[in-house]
Structures are given as C-alpha cells and as structure tokens.
1. Just to verify a result, which residue in region 73-95, among those that are in contact with a strand residue (DSSP E or B) (Cβ under 6 Å, 6 or more places away or on another chain) and more than 22 Å from residue 157 (Cβ to Cβ), is surrounded by the fewest Cβ atoms within 10 Å (Cβ to Cβ)?
2. Considering only residues of region 35-54 that are exposed (fewer than 15 other Cβ atoms within 10 Å of the Cβ) and in a helix (DSSP H, G or I), which is farthest from the ligand (Cβ to nearest atom)?
3. So how many residues does region 175-210 have that are assigned to a loop (DSSP other than H, G, I, E, B) and more than 23 Å from residue 134 (Cβ to Cβ)?
4. List the pairs whose first member sits in region 160-172 and is in a helix (DSSP H, G or I), whose second member is away from the ligand (no atom under 12 Å from the Cβ), and whose Cβ atoms are under 8 Å apart, counting only residues at least 6 apart or on separate chains?
5. Mind checking which pairs have a first residue in region 56-71 that is assigned to a loop (DSSP other than H, G, I, E, B) and a second that is near the ligand (Cβ under 6 Å from one of its atoms), Cβ under 7 Å, 6 or more apart or different chains?
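What follows draws every value from the coordinates through simple rules; no lab data is involved. Keep in mind that what you see is a predicted model, and the values were worked out from it rather than measured. When we count neighbours, we look across all protein chains shown, and the Cβ atoms used for this are built from the backbone with ideal geometry, even at glycine.
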Ligand code: AMP
C-alpha cells in the first residue's frame, strides 16, 4: 500500500502518518524528519540544506529526490510506505510516478491557514524520535517529555510565526497544485483536518479499509 499524505505544514500529516504506519505496519517516510536528522548530525547534506529549512524554503528537488528514492528502495518498503511531506511540487510527483508507478491513496488533510498559524504556536516536537505534540490538544503525558522515547521536547526553528507564514505561502504556490494533479488521477481523498486527531484517523481508516 503506497500512500501520500498531502496538506499544509501543521495540518496533521505527520501525526496521522505515524498512526497509519502502526496500523498497517508500513514505514512512515518523513522527508522533514530525514532532513532534520541530517542537520542534527551535521552531515554534508545537513550542512547544505540547513539554511533552506530554517528559512521555510524547499530543499532543492535533486537533493530531495535523491533522499526519498533511496529510502523507498529499502527492504522495509516492499509492502508499501506512507510518504509524509513528499511530493511537495509537481516535478517531485512526476519523478515519484516515473520511479514507483501509481500511488494507492493520496490523503489530503485540509485545514485553513488561520488555524494552522494558531496551531503552530502550541506545537512541540521530539528532536530524537520526531514525534509531534500540541500543548493543548495532544500534550505529552509528562510535561515537555516525549511519551515514546523520554527525550525533552523542543520547538522547531521553522515553527516561528514568520517562518510558518512563509511556509504557507510556499505551500499554496507549489504544493496546492498537487490537489488537482491527483484529483485528475482519481487518487485524492480530502479529509477535514480540523477534527480531533482520533476522528481524523477514524475517517482515514474508513477510506482506506482493511
Ligand atoms: P516538514 O517536517 O514536512 O514540515 O518539512 C520541514 C522542511 O523540510 C520543509 O519546510 C522544507 O524546507 C523541507 N522539506 C521537507 N520535505 C520536502 C520536500 N518534499 N521538498 C522540498 N523540501 C522539503
């Protein structure tokens, strides 16, 4: 099962992708997390992409494609995968199709911009395992500590309000056209992302089925 998660930054793609990954036992491939790990480890790639990410801009396609296509070729992806944060523009979608054929589901989580800006103020993330929390709606059990790995939570540099606004602009310009692109291929399902996390998830399960 090959799934693409679409949606603006902060729409809840990562949260839902993590739940789907557990449900269907297929890996969640988050380009943002892969990039953040490279930055944390100060690899050559990490050093090259740090500025793009901190400014809220896209990492260049050739670097992104290289990372994603290599990841998808790994053995744990044989039964499928969930792409969380890729593709983010038409060129990436075309490259994905050329390389992997048609996807099974494109799940578009829809949330209006004003709500996203508000949500991001409360977002915390675990720099170790990459999980996201919302201080009001999805808080960790122990204050500021990741439920899964016990690491201290932090705020992503690119979650500053100014950077979030830039990321939303880039989303509307470059990623939103993918909605029509996948609609034309009859692969798109749009879900109201303003519902509670579990309600969005139940909706996704109903769409995908067993
Ligand atoms: P995310 O964790 O999905 O919000 O991604 C964080 C940042 O990583 C984005 O704002 C981009 O700078 C970069 N990034 C993630 N995925 C992609 C992609 N498919 N193409 C280009 N840049 C990406």
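1. 80
2. Taking the candidates together, the pick is 44.
3. 6
4. Hits for this filter: 161/117; 161/121; 164/117; 165/117; 168/113; 168/117.
5. Here the result reads 56/158; 56/167; 58/52; 58/88; 59/35; 59/52; 59/53, each pair linking region 56-71 to a residue that is near the ligand (Cβ under 6 Å from one of its atoms).
A quick yes/no check of all residues on (1) farther than 23 Å from residue 22 by Cα; (2) within 16 Å of the chain's Cα centre (by Cα):
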site	(1), (2)
38	yes, no
48	yes, no
57	yes, yes
68	no, yes
78	no, no
83	no, yes
89	yes, yes
100	no, no
